[in-house]
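The values are calculated or read from the model by the stated rules, or taken from the named source; none is laboratory data. All values reported here derive from a predicted model rather than from experimental measurement. Each accessible area value is taken on the protein alone, full model and side chains, heavy atoms only, with ligands, DNA and RNA left out. Shrake-Rupley method; radii C 1.70, N 1.55, O 1.52, S 1.80 Å.
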Amino acid sequence: MEIVHIAAECYPVAKVGGLGDVVGALPKYQNNAGHQVRVVIPHYDTEFINKNEFDTVYSGFVKLGNFNFPFNIQKEKIDILGFELYLVHIPELFDRNEVYGYEDDIERFLSFQMATLDWLNSRSEVPDTIHCHDHHTGLIPFMMKYAYKFEKLRSTPTVITIHNAIYQGQFGFDKLYYLPEFDLSKVTILEWDNKINSLATAIKCATVVSTVSPSFLNEINNFGYGLESLFNQVRHKSRGILNGIDTEVWNPAKDKMLFANYSSKTFENGKQANKVKLCSQFDLDPTKPLFSFIGRLLEEKGADLLPHAAALALSENYKEINILILGSGNTGIENQLSHLVASFKGNYNVFIGYNEALAHQIYAGSDFLLMPSRVEPCGLNQMYAFRYGTIPIVRRTGGLKDTVIDIGDDGNGICHDQPSIEDVCYSIQRGVSLYKDKKSLKNIRKIGMNIDYSWESVCQEYINLYNLKTN
Ligand code: ADP
């Protein structure tokens, strides 16, 4: 079937978090399974885009109220990613370094959605499914159904996959005139809590709704960031599908970003070699267990707990553990984490920023990966940790609940229930004990490395979703 994915991120073209990983991987596996897959994202000013070659396949104008933005659609020439990649080039709005975080994000992503539909509507073929990801593409199902311009796409099935329900793309009705002319009797569909809400609109209009883990789907029916009643209403057309991981990109035996490669047979020496190098880079002690964190430094990730939990754990286990943190986000948390370096020199360090290669090196060189998340729709870090022989320490929530089972229940990781400093420290303490029990440590690492989280097994679940009859 012909599948078109529309998203804000796609690794390695542009990535901020897990959305990028999923949109860079799922299409490749769908393509390998014999489907014709296209991915459409905005044209940002990124290294991948500047390095590769593109052909212009369509040009037009987006009319956003009184503004007219020229745009063109560019196709990457050789399908280097294993699927057809299309970029929507709107120079005035997207020739910037960052994916998000600008004052005009509403205008940017609305223009992106309209330009994408303009192009899809102009093609002679109509896709079998249009797969939208997160709120940046949330108005697409509505515009396909009710905007007069896109009539050709009216009966094409749509999917909205929710990778993050906190950000919903809300804006005031004063910007309603940005939208292309549509059937005004449907205007209330756009509304949630007196605002235009892109994610809520997608949930109402898409043929099917999916979340990136089954547990997250259950959770948002009770606590859905203001959308719980809506999630309950659409339960009949909703599915929770656990993400896979790209086992070609995330393969410790071949990963070029690592200092040393290893397999599930050679992981003891391989991991130690990576750990020694990482520790020398960050002034840590390679003879002691290394607990790491990788991610956005935000409350949703439990990152606000890290400064106190790290200080407490390092004091209680003076010189017996290392902690290393990679991330960026809330400036207050960044500063607190940076200030700790002076107090725990030789056993603690932090890298503030985004660094893909360093993330791979940390998954490989660490003994434990901390994920004290308050919210985790799926979480990919714990799956990468497993694959690299690193034991995840997680709070039981969302996808973490679906993937990590506590070692007390013969599982593969360490779990706690509360996003609290005490629970994080207690789990670190359990990690210290496990580290001393070399036989169990080896066994649990091996179990993790052998889990199959590949997209091959998940791919068919999406095809079933596209074929779901909801009426
Ligand atoms: P999110 O909610 O951020 O999308 P996920 O667990 O789904 O969380 O995915 C996070 C992805 O982003 C992983 O690939 C992780 O390695 C990566 N990542 C997060 N922060 C950083 C960082 N500072 N540097 C490099 N990679 C990062």
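Backbone geometry of segment 193-209 corresponds, through the Karplus equation with coefficients 6.51, -1.76 and 1.60 at θ = phi - 60°, to 3J(HN,Hα) couplings of 6, 6, 10, 6, 10, 5, 5, 4, 4, 5, 5, 6, 9, 5, 5, 9, 10 Hz, x marking Gly and Pro. Taking every alpha-carbon pair under 8 Å whose residues sit at least 6 apart, the chain reaches a relative contact order of 12 percent. Debye-formula intensities of segment 267-449, expressed as log10 I(q)/I(0) at q = 0.12, 0.17 Å⁻¹, are -0.47, -1.03 (one equal scatterer per alpha-carbon, no solvent).
Full extension of the chain between residue 410 and residue 315 yields a length gain of 31.2 nm, computed as 0.36 nm times the residue separation minus the alpha carbon distance.
Just to be sure I understand: of the beta bridges DSSP finds with both ends in the chain, what percent are antiparallel, rounded to 5? Expressed as a percentage, antiparallel bridges in the chain total about 30. Please work out whether segment 407-451 counts as rounded, prolate or oblate from its C-alpha gyration tensor, where a ≥ b ≥ c are the square roots of the eigenvalues and a/c under 1.5 means rounded, while otherwise a/b larger than b/c means prolate and anything else oblate? Taking the square roots of the gyration eigenvalues as a ≥ b ≥ c, segment 407-451 is oblate. Per-residue ellipticity at 222 nm, computed for the chain from helices alone with -39500 (n - 2.57) per DSSP H run of at least four residues, works out to -11000 deg cm²/dmol.
The gain in end-to-end length when the residue 80 to residue 463 segment is fully stretched comes to 135.5 nm, 0.36 nm per residue minus the alpha carbon separation.
Ligands, DNA and RNA excluded, the heavy atoms of residue 316 present near 120 Å² of accessible surface to a 1.4 Å solvent probe.
For the chain, the orientation-averaged shadow of the C-alpha convex hull comes to 21.5 nm² (one quarter of the hull surface). Just check segment 81-238 against the gyration tensor rule for me: Cα atoms, a ≥ b ≥ c as the square roots of the eigenvalues, rounded for a/c under 1.5, and otherwise prolate or oblate depending on whether a/b exceeds b/c. Note, shape of segment 81-238 comes out rounded. For residue 297, the residues whose modelled amide H falls within less than 5 Å of its own, excluding neighbours fewer than 5 places apart on the same chain, are 328, 329, 330.
Rolling a 1.4 angstrom probe over the chain with all protein chains present gives an accessible area of which 49% lies on carbon and sulfur atoms.
Quick one: check the C-alpha center-to-center distance for segment 230-307 versus segment 83-146, whole angstrom. Segment 230-307 and segment 83-146 have Cα centres spaced 31 Å from each other. Ligands, DNA and RNA are left out, and with a 1.4 angstrom probe the accessible area of the chain is 40 Å² per residue. Of the residues 275, 28, 195, 265, the one with the largest accessible area comes first in the ranking 265, 195, 28, 275, computed with a 1.4 Å probe on protein heavy atoms. Kindly flag which residue pairs out of 77/271; 28/446; 75/275; 152/301; 277/446 have an alpha-carbon separation exceeding 31 Å in this structure. Long pairs (Cα-Cα over 31 Å): 77/271; 75/275; 152/301. Taking all Cα pairs closer than 8 Å and separated by 6 or more residues, the relative contact order of segment 267-449 comes to 23 percent. Specify whether the C-alpha gyration tensor of segment 383-430 places it in the rounded, prolate or oblate class, a ≥ b ≥ c being the square roots of the eigenvalues: rounded for a/c under 1.5, otherwise prolate if a/b is larger than b/c and oblate if not. Cα axes put segment 383-430 in the prolate bin. Separation of segment 382-445 from segment 331-364 is 21 Å, based on Cα centroids.
Going by alpha carbons, how many degrees (0 to 90, nearest 10) lie between the helix axis of 267-281 and the longest principal axis of the chain? Relative to the chain, helix 267-281 is tipped by roughly 90 degrees.
Full extension of the segment from residue 248 to residue 450, taken as 0.36 nm per residue of separation minus the current Cα-Cα distance, would add 71.2 nm.
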